[in-house]
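Notes follow once the structure below has been shown.
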């Protein structure tokens, strides 16, 4: 059985800026979840805010697959970005895969946590997607109830109970490390359509985060994507209704025995 040291050596965090200062930064982690709204929101932030990549994580524990996006193949990866403007400092944790293995997930989460805490990034926000009521909105929960008020004023709904956090093992471990280490943890759960990519839920997350954390982001491209998806879903609905009507009509036509 490999020793813990050997296991830890299989997780490599490459620092691209060894002097980076993350004091007061808000760490935003998007867990893979229903509707992929968190991933859409985080990718949109990276594209729109143009943050600087400060680190990347490599590990043999990552899934051994090739991922294809827009016809381009890539390997599983975790990248950390820093954005700073107007007194707002963000750290964005980007990844393109789900991590469910227990101990490897913990080792990777612990390595990321150490990197962030050593640079004084003490505030952690976990973005996820969930299906609760079917009504649009973002639900908020926190280990510190006194910190929720600003989110509620910004339009969030209080998440009163949750049997299980809708997050993969990697995000769950990172959240619990922050809970034990700083207690400054917020869970933002967007109501999603679970069977489609949900850019509207991603927009809900971004609007709430930008209001509370104080950064500006142009959502025009995301709104265009929302319109395109609604048109696609409406077209699908019309085609499905026509198919049902044709089937009903066919069943009602008289049949003759010759």
Check your understanding: Which one of 76, 63, 32 is within 23 Å of residue 225 (Cα to Cα), part of a loop (DSSP other than H, G, I, E, B) and modelled with pLDDT under 90?
Key -> 32
Exercise for review: Scan segment 16-41 residue by residue and report those that are surrounded by fewer than 24 Cβ atoms within 10 Å (Cβ to Cβ) and closer than 17 Å to residue 212 by Cβ.
Suggested key: 24, 25, 26
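For segment 117-129, name all the residues that are farther than 14 Å from residue 172 by Cβ and within 17 Å of the chain's Cα centre (by Cα). Quick ask: steps written out before the conclusion?
Just the residues of segment 117-129 that are farther than 14 Å from residue 172 by Cβ, to begin with: 117-123, 125, 129.
Residues satisfying the conditions are 123, 125, 129.
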Review point. Taking segment 85-104 on its own, how many of its residues are surrounded by 18 or more Cβ atoms within 10 Å (Cβ to Cβ) and in a strand (DSSP E or B)?
Key: 7
Point to revise | Residue check, residue 125 crowded, with 19+ Cβ neighbours inside 10 Å, assigned to a strand (DSSP E or B) and out of contact with any helix residue (DSSP H, G or I) (no Cβ under 8 Å at 6 or more places or on another chain) | key: no
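Condition check ((1) in contact (Cβ under 8 Å) with a residue 40 or more places away in the chain; (2) over 13 Å from residue 124 (Cβ atoms); (3) in contact with a helix residue (DSSP H, G or I) (Cβ under 8 Å, 6 or more places away or on another chain); (4) in a helix (DSSP H, G or I)) across all residues:
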residue: 174; (1), (2), (3), (4): yes, no, yes, yes
residue: 177; (1), (2), (3), (4): yes, no, yes, yes
residue: 190; (1), (2), (3), (4): yes, yes, yes, no
residue: 210; (1), (2), (3), (4): no, yes, no, yes
Check your understanding: Of the numbered conditions (1) touching a helix residue (DSSP H, G or I) at 6+ places or on another chain (Cβ under 7 Å); (2) in contact (Cβ under 8 Å) with a residue 40 or more places away in the chain; (3) more than 17 Å from residue 208 (Cβ to Cβ), residue 154 satisfies every one except a single condition; which is it?
Key -> (3)
Check your understanding: Of the residues in segment 158-183, how many are within 26 Å of residue 44 (Cα to Cα) and more than 18 Å from the chain's Cα centre (by Cα)?
Key -> 1
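The values are calculated or read from the model by the stated rules, or taken from the named source; none is laboratory data. Predicted, not measured: the structure shown is a model, and the values here were computed from it. Don't worry about glycine lacking a Cβ; one is built from the backbone with ideal geometry, like all the others, and counts go over all protein chains shown.
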